[in-house]
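Data first, discussion second: the structure below is written as structure tokens.
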Amino acid sequence: MPRLVLASASPARLAVLHAAGVKPLVQVSEVDEDALIASLGPGTPPAQVVTELARAKATDILPVLREQKLRDAVVIGCDSMLLIDGALQGKPGTVEAARERWRAMAGRSGELLTGHAVLRLRDDEVVAEAADHSGAVVHFGIPTDEELEAYLDSGEPLEVAGAFTLDGHGGWFVEGIEGDPSSVIGIGLPLVRRLLAEVGISVARLWAENAAIPVEALEN
């Protein structure tokens, strides 16, 4: 019976999966995103960047799963970045960086790219894998100075791709999207469904075998 494992610390991704009827185990990857992006080189297409990050995150947790003797599993790794003005924007990390991001993107549009990787683990071996990316255009509103400072004070935009969320405080400042809403939140269900099928797992099987599993974090 394959166990679903999410290789992400994102509460938003976990919430999307919960709402979609599955309760994965959670194991957070420790991939150095900046180092990996640097290794790919400046000419790497943005879609490839997020896809390789997702693949790296899914792969990174495999040793822990093997230590835990979780021999039959499906691992999902994801990574999101905002493409605007031809450059990928990840997590700003600081209030100052988030403020500058919002001043640059307010009233404009960007493409939220999310890489997805699905690994099928059986008897300690990866027997199948599939990876791809999804993209959705996000149209941003123009927060007032007071609103922006209050949003920055919440801390939310500092640790999310593109300095915004759709499903949190940032949703007040998103005028609309073109594409899959779940992808903008961080995990695109239609794409994950296709990738699961490529590794031999149907959504019906996922529901049957993971719906009643308590959410818990695997221990290192």
**Item:** Which numbered condition Glu149 fails, given (1) more than 26 Å from Pro181 (Cβ to Cβ); (2) exposed (fewer than 14 other Cβ atoms within 10 Å of the Cβ); (3) modelled with pLDDT under 95
**Value:** (3)
**Prompt:** Only one residue in Ala9, Ala47 is modelled with pLDDT of 95 or more and either more than 29 Å from Glu111 (Cβ to Cβ) or touching a strand residue (DSSP E or B) at 6+ places or on another chain (Cβ under 9 Å) (or both), so which one is that?
**Reply:** Ala47
**Request:** Just name the residue that is surrounded by the fewest Cβ atoms within 10 Å (Cβ to Cβ) out of those in segment 65-77 that are more than 17 Å from Glu198 (Cα to Cα) and either touching a helix residue (DSSP H, G or I) at 6+ places or on another chain (Cβ under 9 Å) or among the basic types (Lys, Arg) (or both).
**Result:** Lys69
**Request:** State which residue is modelled with the lowest pLDDT when the search covers only segment 65-106 and only residues that are farther than 17 Å from Pro157 by Cα and in a loop (DSSP other than H, G, I, E, B).
**Result:** Arg71
**Asked** Restricted to segment 114-143, and to residues that are more than 21 Å from Ile177 (Cα to Cα) and outside any strand (DSSP E or B), which residue is most open to solvent (accessible area, probe 1.4 Å)?
**Response** Asp123
**Prompt:** Inside segment 170-189, can you point out the residues that are assigned to a helix (DSSP H, G or I), in contact (Cβ under 8 Å) with a residue 12 or more places away in the chain and either touching a His at 6+ places or on another chain (Cβ under 6 Å) or surrounded by fewer than 16 Cβ atoms within 10 Å (Cβ to Cβ) (or both)?
**Reply:** Trp172, Pro181
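The values are calculated or read from the model by the stated rules, or taken from the named source; none is laboratory data. Predicted, not measured: the structure shown is a model, and the values here were computed from it. Don't worry about glycine lacking a Cβ; one is built from the backbone with ideal geometry, like all the others, and counts go over all protein chains shown. Surface areas here come from the heavy atoms of the whole protein model, side chains and all, with no ligands, DNA or RNA. Shrake-Rupley method; radii C 1.70, N 1.55, O 1.52, S 1.80 Å.
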